[in-house]
Amino acid sequence: MGWFQQTFVGSERSAAFCALIGFVAAFVVVRGITRRIRAKASAPSAEGGGLGDIHIGGVHVHHQVWGILLVLLCGLLEFRYQPGPPWVQVLATLFGIGAALTLDEFALWFHLDDVYWGEQGRQSVDAILIGGAIGAVLLVQASPVGTEEGPGPLAVWAYVATICVNLAMAGMCFLKGKIATGMLGIAMPLVATVGAIRLAKPASVWARRRYSGRRLARAERRFGAAYVERHDRLLDLIGGAPDAERPSRKDGSAP
């Protein structure tokens with residue numbers, strides 16, 4: 001407990017830590033439940049306990065609904081009361097849980113369709129990985145200009161310039177079709193810089209406007225079917241494989 005007090009509470013990172021723990025734990029639990037429900041539906045004789053989809057008035061209520069409500073409630077309570085310990089940690093944990101429930105069905109509210117176990121459903125796992133990585137980065141990252149003493153004008157301008165350059169690199173990642181790299185790069189300048197320097201995805205805005213001939217061929221080889229297959233195997237390991245009847249992606253569309 002002394003370690004937690006010194007490392008997180010003393011550095012005002014306890015809320016971020018609790019949010020990240022709630023986020024990861026909620027994702028693990030909800031994916032475990034949905035996979036059990038899916039197995040039970042595909043093989044009625046399989047054991048699934050009392051687990052099942054929630055229906056209200058004959059309508060299937062997805063868990064993103066509870067996540068959105070939880071995130072909104074935590075935000076309102078924080079803005080209104082701004083509680084101190086331990087309630088701020090409680091709200092942070094609940095916020096992380098709500099964020100995980102919401103992002104776990106990112107593909108559903110992005111496509112406005114129930115694609116949770118479809119090929120497009122892998123985008124939800126992408127969103128979870130990005131959210132967890134950003135949460136981890138924000139937890140460990142310290143302010144580059146310090147918080148104990150007021151920074152001088154030179155430090156402030158250097159900080160602003162660094163932020164502008166980093167956002168430009170992250171924006172270049174988005175133009176190159178590297179959504180995950182760009183999102184992580186906002187909090188991790190090195191990631192944004194590397195992503196901006198390397199090849200764009202062949203279907204991206206950057207590649208369509210700037211690539212041709214050998215450079216376009218290199219991008220297509222780099223982000224071809226083998227790349228998509230490796231990416232999908234990782235997502236399937238984490239979130240479960242999509243339904244077999246769904247078509248496979250072969251266009252390098254993985255984030």
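The values are calculated or read from the model by the stated rules, or taken from the named source; none is laboratory data. Predicted model, so just to flag it, every value in this text is computed and none were measured. Cβ: placed from backbone, ideal geometry, glycine included. Neighbour counts: every protein chain shown. Surface areas here come from the heavy atoms of the whole protein model, side chains and all, with no ligands, DNA or RNA. Shrake-Rupley method; radii C 1.70, N 1.55, O 1.52, S 1.80 Å.
Please return the ranges of helices (runs of 4 or more DSSP H) entirely within segment 161-239 where 1 or more residues are among the aromatic types (Phe, Trp, Tyr), open to solvent by less than 80 Å² (accessible area, probe 1.4 Å) and on the phi < 0 side of the Ramachandran plot.
Passing ranges, in order: 205-210, 225-239.
Examine segment 229-244 for a residue that is over 20 Å from the mean Cα position of the chain (by Cα) and either modelled with pLDDT under 90 or more than 27 Å from residue 121 (Cβ to Cβ) (or both), and state whether such a residue exists. Yes, the conditions are met somewhere in segment 229-244.
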